[in-house]
Amino acid sequence: LFPQAPTMFAQCSWNSVSPVVLLVLLGCLLCPPAQASKSSEDIRCKCICPPYRNISGHIYNKNVSQKDCNCLHVVEPMPVPGNDVEAYCLLCECKYEERSTTTIKVIIIIYLSVVGALLLYMAFLVLVDPLIRKPDPYTQPLHNEEESEDTRSLAAVPTPAGARANTVLERVEGAQQRWKRQVQEQRKTVFDRHKMLS
Amino acid sequence: GFSTYNGGGMNGKSTMMDFLEEPLPGVGTYEDFNTIDWVREKSRDRDRHREITNRSKESTWALLHSVSDAFSGWLLMLFIGLLAGSLAGLIDISAHWMTDLKEGVCLAGFWFNHEHCCWKSNTTFTDRDKCPEWKSWSQLILGYGEGAFAYILNYFMYVVWALMFSLLAVLLVKGFAPYACGSGIPEIKTILSGFIIRGYLGKWTLVIKTITLVLAVSSGLSLGKEGPLVHVACCCGNILCHLFTKYRKNEAKRREVLSAAAAAGVSVAFGAPIGGVLFSLEEVSYYFPLKTLWRSFFAALVAAFTLRSINPFGNSRLVLFYVEFHMPWHLLELVPFILLGIFGGLWGAFFIRSNIAWCRRRKTTRLGKYPVLEVFVVTAITAILAFPNEYTRMSTSELISELFNDCGILDSSKLCEYVNDFNSTKGDDLPDRAAGPGVYTAMWQLALALIMKVFITIFTFGMKVPSGLFIPSMAVGAIAGRLLGVAVEQLAFYHHDWAIFSGWCSQGADCITPGLYAMVGAAACLGGVTRMTVSLVVIMFELTGGLEYIVPLMAAAMTSKWVADAIGREGIYDAHIRLNGYPFLEAKEEFSHKTRAMDVMRPRKNDPPLTVITQDSMTVEDVETIVTKTTYSGYPVVVSRASQRLVGFVLRRDLIISIENARKKQDGIVSTSIICFTDYCPPLPPSSPSVLKLRSILDLSPFTVTDETPMEIVVDIFRKLGLRQCLVTHNGKLLGIITKKDVLKHIAQMANQDPESILFN
């Protein structure tokens, strides 16, 4: 296509996977509302009528469209004779309500699973990871902010094609190490040095 | 020989070849916690656009490419709106469910909250508020729901759930994404003005902020979700920018997208697309070109529409506290509205002062070393104090909804327990009535709730969990407004024969609407804290769906802003920017002192002279020594040390990357190689090592001012052009340099603030 394409692909392999993942998740979120709102038990017109003269209060539910959601269509059988209907209907409050139980279920389950996954990952990082990994000599030395800022910033520059890690596992581990370093830096900035977000 | 190495599209003689040659990775990017160069970014985008337009005449494919490039902005806005709307829907539904989880569970399906659980139950009119499928914790554990022991058990479960949620939130923030705490709006303001904070708008921050926002809101803490939603939307914007080259590589274009994303964030928080755009324009963005206005509106609309189709609150409402009444108001009611404005301004100033004092204490003393413990203690105090009072036990959005509500015949809440005289009611129109005992109970409970919220929000905002402050401020204002409204209503009822009431409020008429007072109070308090003007009024009238109430809202918002400005100049977000020392050059304030450029520039009188690089007489080793010994972010390039005539300006990062790359890749470059910044390098004897040409990383058009230029003009130049540094010349010779940090320190000094508080570069 055009010459920038190969380097573009090389650089943004990880960066464009996650937006795609996000968009897929987005699609999953949008599918349920599209199909589910047609479930008949989730649409109704609810009319609440207070006590009137010697008639007690009552609640009427009926599955009608939004245009027909008023007292005359929903209140059946009408408890008052013809000439009183208008006065009675003035007191009644009719509301059209719609919901989607499938959307609610899907969203809550997605949310709980993400929280569960994060908790498991946190437990893994705190308990299991230090046992598996030997202490890495390259992350031990202290990060003195001023002097190593340049070398760190150069390290943040994406690696040229020759030095790429070979297998998928090594690449994942490399990414994870970089991420852990980033989180550590962020934690130092926010929690320890109080440089941001205090 | 010499090698031509183009660094990619700098101003100067860039030809067609420049664009196709891949720039060195890293050149033209910025380090963390640095300011971008707006002028360079904008000119790079213009170059790019020109290339694409020129090439589009060559082939159909190039034409399609140029069309898709123009269209990419709109496509990106569409994606941002969709993603922001979906995430907002997820947050709303989950927060609603988890808030109710503190009180009980639904047996028909644990994923239903109280309202949805009772949706289908066939109850009679008299107990339409109870339903058997919803079980409180005491009912579930003990089997019965009444009695002292059940109450204590409910209390205990409420506090336990609240603590669990908030602890989980702070542990997730601390463990995975420390940038996800706080509101996010001060940092986004700084980012939009040109600052770089890597990771602040990243994927992990997005995920953690979404998850922990729900947890924090559900734990009953006195915070809201509107500010964090802006952060979430900007994260979506930043992440989706990576799909399009045009926005991924250019920091200035990316900030246009972030402005639009912020508008989408407010739009889904309040269901107010226009208000969102105006909020982005007024509060968050720094440069807001007209093109961004249309695109932001598009993004905000798409986001609002997506949220509507997810339908989190049923009935296609976007916000929990949507107001549906349209009762008229009378001109004399402007007096209490202005009183509410004054209250809002006073509260806003008080809140800002105390919150900043508390945050400063957290920043400097040992209190800051125990963030998890702090969250635990604050949640415990909030939960223990909130449970006994029914108005603090319910979530703040529900409280605002109830306070905004106008009492109808069918409302059975305590606040609507007026003494009803059914003979005089015609239809569903209720006149002003005397307050029943329920109303009096509600009044003192609300007063206690007001005091509690006023004080606890000071300690909650700024903790290490995502926290917003729109909803708590609106709650404080709504409570104050409703109290005043009921007071005025009762005054009008009992003294309808007084001169001020007799003209328009006769007995049996419905003239005072306490719900309107609550709305005006909410607007006043929000305006007092954030100092929003137009965007506040527009958000509030989009919430009410009508233009009737614009005059009261404006009166209250203006009064509250004037009163608050009289006490303290800054809004809460600007105060936090100043507390953290972000390099944010305030665009709204005038610089009115008579200093000149020579008073601010570096080097000062007793400092060593300016560190410069000569255009063709320094070796690689010399330059490397300079770069390692000094920490400046850029160096001016001069013709020679004797003449000090200016050639251009080169950035430190570009120098380091180019020299390192040249040492590795180009042959013949050693420590004694001459670095040449010009097109035509001086001829050297054949035995000397090859020349390193770095013409392409040199900025040939740095901005200069003379030393006698008044600082007013210099500050104006920095603001309007978005400069990072500006060179100072005297009689045509280079004298010194003024950076943005120097300007900020100077402004702080002139305002008698501590200039050392400007931390970042």
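A few notes on this one:
- Placing B:441, B:35 in order of accessible area, with the largest value first and a 1.4 Å probe, yields B:441, B:35.
- Cys with no candidate disulfide partner in chain B (beta-carbon separation under 4.7 Å rule): B:181, B:234, B:235, B:236, B:241, B:359, B:525, B:726
- Inverse of mean 1/r across different Cα pairs in segment B:77-310, Kirkwood, Å: 19.1
- Members of B:693/B:733; B:203/B:369; A:180/B:174 lying beyond 18 Å, as alpha-carbon distances in this model show: B:693/B:733; B:203/B:369
- About its Cα centre, the protein assembly as shown has a charge dipole of approximately 2860 debye under the convention of +1 per Lys or Arg Cβ and -1 per Asp or Glu Cβ, with nothing else charged.
- Inter-part distance where segment B:28-42 and segment B:211-289 are each reduced to a Cα centre, Å: 21
- For chain B: relative contact order, % (alpha-carbon pairs under 8 angstrom, 6 or more apart): 15
- Of all aspartates and glutamates in the structure, those lying under 16 Å Cα to Cα from residue B:120, and not within fewer than 8 positions of it along the same chain, are A:41, A:42, A:97, A:98, B:129, B:133.
- Residue B:497-residue A:90 FRET efficiency (beta carbon distance; Förster radius 25 Å; 0.05 resolution): 0.25
- In straight-distance terms, cross-link reach from residue B:629 covers every one of the aspartates and glutamates whose alpha-carbon lies under 18 Å from its own, apart from those fewer than eight places away in the same chain; here that gives A:145, A:146, A:147, A:149, A:150, B:607, B:621, B:654, B:660.
- The charge dipole of chain B, taken about its Cα centre with unit charges on the Cβ atoms of Lys, Arg (+1), Asp and Glu (-1) only, comes to about 2680 debye.
- Applying Stokes-Einstein at 25 °C and 0.890 mPa s to the Kirkwood radius of the protein assembly as shown, computed over alpha-carbon pairs, gives a translational diffusion coefficient of 79 µm² s⁻¹.
- Theoretical gain in end-to-end length, residue B:327 to residue B:625 [0.36 nm per residue, Cα-Cα removed]: 99.7 nm
- What the Cβ-Cβ distance of residue B:160 and residue B:389 gives, at R0 = 22 Å and to the nearest 0.05, is a FRET efficiency of 0.70.
- Length, then width, then depth: along the principal axes, the Cα atoms of segment A:42-99 run 35, 18, 16 Å.
- Residue separation of residue B:367 and residue B:606 scaled by 0.36 nm, minus their Cα-Cα distance, works out to 82.0 nm of gained length.
- Inter-label distance for residue A:131 and residue B:687, nm, one decimal - labels placed 7 Å from Cα along Cα-to-Cβ: 6.9
- The label point for residue B:441 and the one for residue A:67, both projected 7 Å from the Cα toward the Cβ, are 4.7 nm apart.
- Each label was represented as a point 7 Å from its Cα along the Cα-to-Cβ direction; for residue A:56 and residue B:509 these points are 4.0 nm apart.
- In degrees, nearest ten, helix B:203-218 long axis to first principal axis of chain B (Cα): 20
- Rounded FRET efficiency, nearest 0.05, which uses the C-beta distance separating residue B:360 from residue B:589 and R0 of 30 Å: 0.85
- Residue (of B:162, B:83, B:304) at the positive-pole extreme of segment B:77-310, dipole from beta-carbon charges: B:83
- Listed residues B:308, A:53 arranged by accessible area, highest first, probe 1.4 Å: A:53, B:308
- The heavy atoms of residue B:114 present about 70 square angstrom of accessible area, all protein chains included, probe 1.4 Å.
- Helical contribution to [θ] at 222 nm, DSSP H n ≥ 4, -39,500 (n - 2.57), averaged over chain B, rounded to 500: -17500 deg cm²/dmol
- Reachable lysines from residue A:67, criterion Cα separation under 19 angstrom, eight or more residues apart if same chain: A:38, A:46, A:95
- C-alpha long axis of helix B:514-530 to longest principal axis of chain B, angle in °: 20
- Residue separation of residue B:534 and residue B:63 scaled by 0.36 nm, minus their Cα-Cα distance, works out to 165.3 nm of gained length.
- Using alpha-carbon coordinates, inclination of helix B:38-55 to the longest axis of chain B, degrees: 80
- Whole-number D in µm² s⁻¹ for chain B, Kirkwood Cα-pair radius fed into Stokes-Einstein, 25 °C, 0.890 mPa s: 84
- The residues B:563, B:170, sorted by heavy-atom accessible surface at 1.4 Å with ligands and nucleic acids left out, run B:563, B:170 from largest to smallest.
The values are calculated or read from the model by the stated rules, or taken from the named source; none is laboratory data. Just so you know, these numbers come straight off a predicted model, no measurement behind them. Virtual Cβ from ideal backbone geometry, glycine too; neighbours counted across all protein chains shown. With ligands, DNA and RNA removed, areas are computed over all heavy atoms of the protein, side chains included. Shrake-Rupley method; radii C 1.70, N 1.55, O 1.52, S 1.80 Å.
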